[in-house]
Amino acid sequence: MFALDDELAQWNAILLEVQGPERPRLLTALAWHLRQRDPARAAQLSAEVVALLALLPTAEMALQRARLRLIGAEQEWLRGELDTAQYHLEQALQLCEQAAPVASAVAVAACRADACWTLAWVANDRGDSAAGDSWLRQAAAAARTAQDPLRIDVIDAASGICDAFGDWQAAQQRWQGRFGADLSHTPAIAAGWISDFFGTCAFQRSEYGRAIGHLMLSFETALATGQIRRAIIVATNIGNGFTSLNAHEAALDWMQRGLDLARPTGWPLSIGMCLMQTAETLRQLGQRDAAQSLLREALNTLAPLSGSRAYAVALEYQGDLALDLGNHVAALDSFTRLAARGDALCQSDFQSSARRGQAHALSHLARPDEALAAAQGALALARDHGDASSQIAALNVLADIHARHDLPAPTPLMAPNAVLHYLQLALEIAATIEGYTVPGALLDAAAREYAAIGDYQRAYTIALRANAARDQTHSKEATNRAIAMQVQYQTERAQTEGEHHRQLAAAEAQRAEVLQQTSATLEHLSAIGQEITAHLDAAAVFRALDRHVHGLLDATHFSIFLLEPDGETLVCAFGVEAGKALLPIRIPLATSGANSARCVREQREILIELDEQGITPNLIPGTLPTLSLLFAPLRVGTRVLGAMTVQSLQARSYGERERLIFRTLCAYGAIALDNARAYQQVAATQAQLLEKNVELEQAYKALEEVSLTDQLTGLRNRRFFLQNVDADVAMSLRGYEAGQHRELTECDMQTPKDLVFFMVDLDHFKEVNDRYGHAAGDSILVQMQERLREVFRESDYVIRWGGEEFLVLARATHRDEAAGVAERMRRAVAERDFELPDGGRLSKTCSIGFACFPFLPEQPRLLSWSQVVELADQGLYIAKRSGRDAWAALYSTAATRADGVFPRLMQRLDQAVVDGEVRVVSNLSGPLVLGGERRRIGLSSDLELG
């Protein structure tokens, strides 16, 4: 469902190496987990997957298409294109249903859970909370079918969060036993969502410090797992928590953090939510103009999502701001729209606050009857939901309305007048709330009313309570400020830790990039090394080194120092600076101030880096003052021949990559110079020359033999095959073309000779490595080569083609005999167990595909040998897809058309079979899989096999 950043880094690191069916699987996983981290790259990877879907088994293709639909739909949802997103999500569900009969039930259920999950958020953004709850229930059911505890926890926690916004007490009661308070052993992704649920409930209970603590864990987890939208939402909620604690600076910091995450995405809901929450904080700070500007931008941004909870919150904030500004007409409009949204969302907090806001505005607009009805509606809603604080607020509004307007008193009247009636009810409800501090303003209002009717004793008593309430409020505010300071400290600490982890991740990504660049550089250096070491003349080695050093490095100065035969003196054998040759100089090895001598003495690399004001130490007279100096010894084994130095006028020119390049060039240079010196010494006498030549020839042959042999199995390798196959192909072609021009006699130098290419692959070999270890896999490969040698002739080329795949070129097998050879090979594997290193035995099978060269005897040059190998590989693919432990081959027929035959066979093999252009022969009697479809292919009667 979600993945940590370090998991993505590992997948990215191996992406270049993964081929075959595993590549589209890995690309899909990366695209899925980049869907919010990097939407553009996710789309790019998805497009690559589409082109590779044919590599996957049929049962898997529909499921992969469903996953790609989910990736695209999530982008549409985040951009606010809700109709398009819903359409594609429903398509994804249909693809899941299509895949269900053949694909893994667990994988199908997980995909269905993710589709329902996203549909729930689309419904919530529309403002359809009932549909959102329904989709979440379906997502939870699918997650349980998939037996995926992480998805179950995440979806249940999200359901709890949605319930808490509707009725937090009921939500807390429903989900209280579902999640444990100790999340230390819960996976990070699930712990983040559960912390979000705990934080939401604490927020609704007005326990803001505790809420922020939970939400900070949720924020860090969301960032680390690519849930960018969730991180934005949680950041704004943390800001709201700090606002409630009167820590407005910390609140604005978190609002800005959310906005910095949201703006680059272009997601309207995320941006609008951050803008409106920042505006509300500014309103509470008295910066009303700035708040009004941000709220206007927020509502414009959220306009396409006018059904969402975020839009409703923005309307509430706009109404409150309009009341502050005395614009009661605008306030009434905002609260009227909020009431409609609250009813549609079925969320009591909006319903109650909207009606209270309407009552305030109507009262100031001299519409007392409507104001009274609205306030009474707010009171009824608060009573229905058992919300004591909202009841107190509604009663306060009713008292204010009766104080402003001459209205009929409520019945029964419980106090001397209507204002005192409502204030007294508010005070009675406040007394029932445990730990609730009655606002001093409410007590002051009651004291004023009692004084107005002449009850001074009661007015005085209530006034004393008001003073005590204010003192308690000030104490509570001080406590809140202390909580805010503590939470701010925890926040800064979490930020520091988060930054540390981000720096570690960046360093890891940089290391992966360096490794990738290093791999390409090493390939280049290998070719350079072959060139340098090919020279046996020291001057030629110097020139080659100079050319490549200047081509690969920033080299203002390049010198080569060699030890004299006495071993006590270094001489500059070659030096170039700024394109000009340097005069040869001699440096005693004991010279303490010479870096080249120190490099040779200590036999280690030396890097000197200076800033632009630095002075080059031990500067050789007549040379430039370089800022980056790199010295490395020329070493062959334990012998040091001298040192090489490269220097630049630029500071910090030689990082790890440049040092690796220079180190490698030094190694090649040392070998080449040692060879050149040895060659000169050998040339002194004929005997020495002959001895050296013999040694070099033996070394070359040994290396050549190693380069042509697979080290594990002892079989010849692909390089050997490529060096020798052309000669056999040419001989076969000469025989066939000679037969076309004359009748062959016994005096002919050669007769037409078939070449049969067999592709042999062990079935399910990866399972051996996964279950028994690589030592067992290597043992089976060695035994496999023994069985190949048993079946094929000594004159045949038996090649380890790669991994568990072998290529055999049968050089003396007629095409009519090939099927029998393939059957013997199949039985040689299937009918005898392989021995494991631990003494156990393992039964394995193999699949074989073969094709004959020339493919069309009448036109022997129609297809190249490499194309015939591809046809053999096609036969192997048919055998694999049709059940394994089998062989299959492609033969031409009388109906085979020469023009464009190879593309037709590779692209539409099934049609070529139907048209009679090609004959598929196999030992399988059942249906063969061609081109992803099943067609029954009759076997050739003359083979008498299968």
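The values are calculated or read from the model by the stated rules, or taken from the named source; none is laboratory data. Just so you know, these numbers come straight off a predicted model, no measurement behind them. Don't worry about glycine lacking a Cβ; one is built from the backbone with ideal geometry, like all the others, and counts go over all protein chains shown. Surface accessibility is based on the protein's heavy atoms, side chains included, excluding ligands, DNA and RNA. Shrake-Rupley method; radii C 1.70, N 1.55, O 1.52, S 1.80 Å.
Per-residue Karplus couplings for segment 699-706, computed as 6.51 cos²θ - 1.76 cosθ + 1.60 with θ equal to phi - 60°, are listed in order as 4, 5, 5, 5, 5, 4, 4, 5 Hz, Gly and Pro entered as x. Taking each residue as 0.36 nm, the span from L712 to Q650 lengthens on full extension beyond its C-alpha to C-alpha distance by 17.5 nm. Relative contact order for segment 293-364: 27 percent, from Cα pairs under 8 Å spaced at least 6 residues apart, divided by residue count. For segment 291-395, the square roots of the Cα gyration tensor eigenvalues, ordered a ≥ b ≥ c, give a/c of at least 1.5 with a/b no greater than b/c, which places it in the oblate category. Taking Lys and Arg as +1 and Asp and Glu as -1, the other residues whose beta-carbon sits under 12 Å from that of Q603 total +3. Hull volume per residue, based on the alpha-carbon atoms of the chain and their convex hull, is 263 Å³.
The residues of the chain have, on average, 47 Å² of accessible surface per residue, using a 1.4 Å probe with all protein chains present. Of the peptides 186-197, 785-796, the ranking by mean beta-carbon count within 10 Å, highest at the top, reads 186-197, 785-796. Seen from Q36, the other residues with C-beta closer than 10 Å to its C-beta sum to a net charge of +2, counting Lys and Arg as +1 and Asp and Glu as -1.
Residues whose amide H comes within less than 5 Å of that of V636, counting only those at least five positions distant or on another chain, are L641 (H built at 1.01 Å from N in the peptide plane).
Note on T521: accessible area is roughly 20 Å² with a 1.4 Å probe, heavy atoms of protein only. Under 1.5 on a/c is rounded, so check that first for segment 167-247, then, if it is not, pick prolate when a/b is larger than b/c and oblate when it is not; a ≥ b ≥ c are the square roots of the alpha carbon gyration tensor eigenvalues. Because a/c hits 1.5 or more and a/b fails to exceed b/c, segment 167-247 counts as oblate.
Rounded, prolate or oblate: which one fits segment 95-148, using the alpha carbon gyration tensor with axes a ≥ b ≥ c (rounded when a/c is under 1.5, else prolate when a/b beats b/c, else oblate)? Since a/c reaches 1.5 and a/b is larger than b/c, the shape of segment 95-148 is classed as prolate. Per q in 0.08, 0.17 Å⁻¹, report the Debye log10 I(q)/I(0) for segment 149-287, using one uniform scatterer on each alpha carbon and no solvent. Debye intensities relative to I(0), on a log10 scale: -0.20, -0.90. Within the accessible area of segment 392-461, the carbon and sulfur atoms contribute 54%, probe 1.4 Å, all protein chains present. Rolling a 1.4 Å probe across all protein chains gives F2 an accessible area of roughly 30 Å².
Computed over the chain, relative contact order equals 5 percent, with contacts defined as Cα pairs under 8 Å that lie 6+ residues apart. With N the number of residues in segment 47-172, Rg(Cα) / (2.2 N^0.38 Å) evaluates to 1.11. In order along segment 766-774, the phi-based Karplus estimate (6.51 cos²θ - 1.76 cosθ + 1.60, θ = phi - 60°) of 3J(HN,Hα) comes to 4, 5, 5, 4, 5, 8, 10, x, 5 Hz; Gly and Pro are listed as x.
Cα centroids of segment 388-459 and segment 305-321: 30 Å apart. The per residue volume of the convex hull around the alpha-carbon atoms of segment 852-924 is 83 Å³. All C-alpha to C-alpha distances of segment 754-852, sorted into 10 Å bins beginning at zero, yield P(r) values of 16, 50, 26, 8, 0 percent in whole numbers. Placing Y891, Y668, Y700 in order of accessible area, with the largest value first and a 1.4 Å probe, yields Y700, Y668, Y891. Charge tally for E60 (other residues, Cβ to Cβ under 11 Å; Lys, Arg +1; Asp, Glu -1): +3.
Set the Förster distance to 35 Å, then compute FRET efficiency between A540 and D566 from the Cβ-Cβ distance, nearest 0.05.
0.85
Using the Karplus relation 6.51 cos²θ - 1.76 cosθ + 1.60 with θ = phi - 60°, the per-residue 3J(HN,Hα) values for segment 710-726 come to 6, 5, 7, 9, x, 6, 5, 10, 4, 4, 4, 4, 5, 6, 10, 5, 4 Hz, with x marking Gly and Pro. The label point for A40 and the one for S592, both projected 7 Å from the Cα toward the Cβ, are 5.8 nm apart. For segment 863-931 and segment 764-778, write down the distance between their C-alpha centroids in whole Å. Here the two parts' Cα centres lie 30 Å apart.
Projecting the Cα atoms of G655, A251, A539 onto the dipole axis of the chain, where Lys and Arg carry +1 and Asp and Glu carry -1 at the beta carbon, places A251 farthest toward the positive end. With the convex hull of its Cα atoms as the shape, segment 1-91 has an orientation-averaged projected area of 5.9 nm².
Ranking of F561, F198 by solvent-accessible surface, largest first: F198, F561 (1.4 Å probe, protein heavy atoms only, all chains present).
Per-atom-type breakdown for segment 694-741 gives carbon and sulfur 58% of the accessible area (1.4 Å probe, protein chains only).
Residue order by solvent-accessible surface for S847, S779 is S779, S847, largest first, with ligands and nucleic acids left out and a 1.4 Å probe. Taking all protein chains as they are arranged and a probe of 1.4 Å, the heavy atoms of E564 leave approximately 50 Å² accessible to solvent. Using Cα centres only, tell me the gap between segment 235-295 and segment 80-145 in whole Å. Computed from Cα coordinates, the inter-centre distance equals 32 Å.
Once neighbouring chains are kept in place and the probe is 1.4 Å, which whole percent of the accessible area of segment 171-313 is contributed by carbon and sulfur?
Carbon plus sulfur share of accessible area: 48 percent.
Note on segment 564-615: percent of Cα-Cα distances in each 10 Å bin, starting at 0 and stopping at the bin with the largest distance, equals 20, 41, 35, 3.
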